[in-house]
Amino acid sequence: MDKMGGDDVETIVGPSVRVEGDFVSQGNIVIEGQVSGSIKTEKNLRVEQGAKIAANVTADSALIAGEVKGNIKAMNTLELTPSARVDGDVEVKTLIIAAGAALNGRCIMGGDAGLNGAKTRVKSGSYEDNNLISKES
Amino acid sequence: MKTTISSAKNPNVSVRTARRVAPSAARIVSARNEIASIRELVRTARPHLAEVANARNNAYLYLYDSFVRESPHKDVMRIVEKRFVDFGLSGKVIRITPFTNCRSLIEDELRYGVKTVVVVGNNETVAKVMSRAADLDVVFGLIAVGKKDNELAESLGIPLNEEACNTLAARKIELVDYGVINNQRFFLTSIHIQNARLRITCDNTFVVKADKENVELAVSNLLPSSVQGMTKGFLHPQDGKLEVIIRPQVSGVLSGLFNRRAYSKPSVFPFRRLLVSAARPFVMTADGRETQESSVEITVAPKKLKMIVGKERRF
């Protein structure tokens, strides 16, 4: 996710913009505004602090610093920063939750993004599975 | 006479002579036949040779903007034309005016074997030609004359003035995207709409709305958008998509006081089809040409334009 920036970024939803509908991209996405509907990308997604998403999200990797109301499916890594709030189920290979992040929903993890992974009920940053990585910010 | 007498006296002598002369005569006859057949071959090939020479000369069509013949550029054009001859790039030259129908002109020349159309001028000349002719099956080249309004040449990696002849001779062809406006005209570089209340739909799948009513919209392809802060990067003319940059206007006390427009951070969306509509007509600038529109459909023709480019191109 750190590599995402500069020319790698293909789609940017600015802070005073709202997007409604099915948002599909083949490149990286940065969201600073509001999105409702669905988000799908083959690459990385970054949801900035202050951004509001009411949509189901599918991405290769995702970094969440804003609010997401909907299910998140990440093929690789899902990282929640201290300002992140996720209300929905997550299905990931690797989950990184910083102290202060809120995750209200079912969590499915494993090698194939939950297909063979353990199922964990996570609430407000607590975790019960070895696959979860605690990150002190 | 001696021979005749001797042959008359001795028939063996004439036979011997005939035997000695016969091979030479046969050789002469066969040589004559050969010459005749070569003459026939040349006679039949001559029109074809002329055709080939004609086609070779007409392989390039040069569309000159009227300004290139004027005083500051005269010397440059003299060198450019000398290089055309030196590099074997000679072709027909047509001077275009604001009233020239470039499409029908190029279509006519295509019938006479034109393979490459070289625009000689600046950004405006390219826009003039491409707005109607970008979809024609021909290779386009550019000789950028002068130092102003030649950002497109820079983007394509084509040096200015006479140095462009080297790029033209190298003939490196890349397939690039171009935009189509309302299925009628084409654009290569960018589109700009300044401050309008717009309804924007991308790829028929999502709608983009701004919190503030007025937005500035730019679409970029071969040139970066004119939107401040977005002049670098986002130049992907071979990805089969165009990029739309949307910047909502921010109303503030300071902007009102100093009569300056303030904008929030821009948004960028790649698209294949963009619908822009508004309740009131708005001014749209496409490749530097202004038109009044109320609804615009912008689509992309992916990798359809054959363009001669240089090594230093920005994509």
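Below are the figures for this structure:
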{"read-out": "Residue in the stretch A:77-97 that is more than 14 Å from chain B (Cβ to nearest Cβ), touching a residue at least 12 places away in the same chain (Cβ under 8 Å), in a loop (DSSP other than H, G, I, E, B) and of a type in the set (D, E, K, R) present", "value": "yes"}
{"read-out": "Output for the stretch B:120-148, where each listed residue is more than 14 Å from B:His73 (Cα to Cα), surrounded by fewer than 22 Cβ atoms within 10 Å (Cβ to Cβ) and among the charged types (D, E, K, R)", "value": "B:Glu124, B:Arg132, B:Asp135, B:Asp137"}
{"read-out": "Matching residues in the stretch A:56-76 - criterion: being surrounded by fewer than 24 Cβ atoms within 10 Å (Cβ to Cβ) and either within 13 Å of another protein chain (Cβ to nearest Cβ) or not basic (Lys, Arg) (or both)", "value": "A:Asn56, A:Thr58, A:Asp60, A:Ser61, A:Leu63, A:Ala65, A:Gly66, A:Glu67, A:Gly70, A:Asn71, A:Met75, A:Asn76"}
{"read-out": "Residue ID - modelled with the lowest pLDDT, chosen from residues in the stretch B:201-235 that are within 25 Å of B:Glu312 (Cβ to Cβ) and touching a Leu at 6+ places or on another chain (Cβ under 8 Å)", "value": "B:Leu235"}
{"read-out": "Scan of the stretch B:248-279 for residues that are basic (Lys, Arg) and at pLDDT below 90, ordered by number", "value": "B:Arg260, B:Arg261, B:Lys265"}
{"read-out": "Residues within the stretch B:133-170 that are farther than 14 Å from B:Lys306 by Cα and out of contact with any His (no Cβ under 9 Å at 6 or more places or on another chain), tallied", "value": "23"}
{"read-out": "The one condition in (1) touching a strand residue (DSSP E or B) at 6+ places or on another chain (Cβ under 6 Å); (2) closer than 25 Å to B:Pro248 by Cβ; (3) away from every other protein chain (no Cβ under 14 Å) that A:Ile29 fails to fulfil", "value": "(3)"}
{"read-out": "From the options B:Thr116, B:Thr201, residue that is within 15 Å of the chain's Cα centre (by Cα) and among the hydroxyl-bearing types (Ser, Thr, Tyr)", "value": "B:Thr116"}
{"read-out": "Pairs with Cβ under 9 Å, 6+ apart, first in the stretch B:264-289 and more than 11 Å from every other protein chain (Cβ to nearest Cβ) and assigned to a strand (DSSP E or B), second of a type in the set (Lys, Arg) and crowded, with 21+ Cβ neighbours inside 10 Å", "value": "B:Arg289/B:Lys128"}
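Yes or no, residue by residue, for (1) hydrophobic (A, V, I, L, M, F, W, C); (2) assigned to a loop (DSSP other than H, G, I, E, B); (3) modelled with pLDDT of 95 or more:
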{"residue": "B:Thr17", "(1), (2), (3)": "no, no, no"}
{"residue": "B:Val42", "(1), (2), (3)": "yes, no, no"}
{"residue": "B:Arg46", "(1), (2), (3)": "no, no, no"}
{"residue": "B:Tyr62", "(1), (2), (3)": "no, no, yes"}
{"residue": "B:Ser90", "(1), (2), (3)": "no, yes, no"}
{"residue": "B:Pro98", "(1), (2), (3)": "no, yes, no"}
{"residue": "B:Glu109", "(1), (2), (3)": "no, no, no"}
{"residue": "B:Val114", "(1), (2), (3)": "yes, yes, no"}
{"residue": "B:Val119", "(1), (2), (3)": "yes, no, yes"}
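The values are calculated or read from the model by the stated rules, or taken from the named source; none is laboratory data. Given the structure is predicted, the values throughout are model-derived calculations rather than measurements. Please note: Cβ atoms are built from the backbone with ideal geometry, for glycine as well, and neighbour counts cover all protein chains shown.
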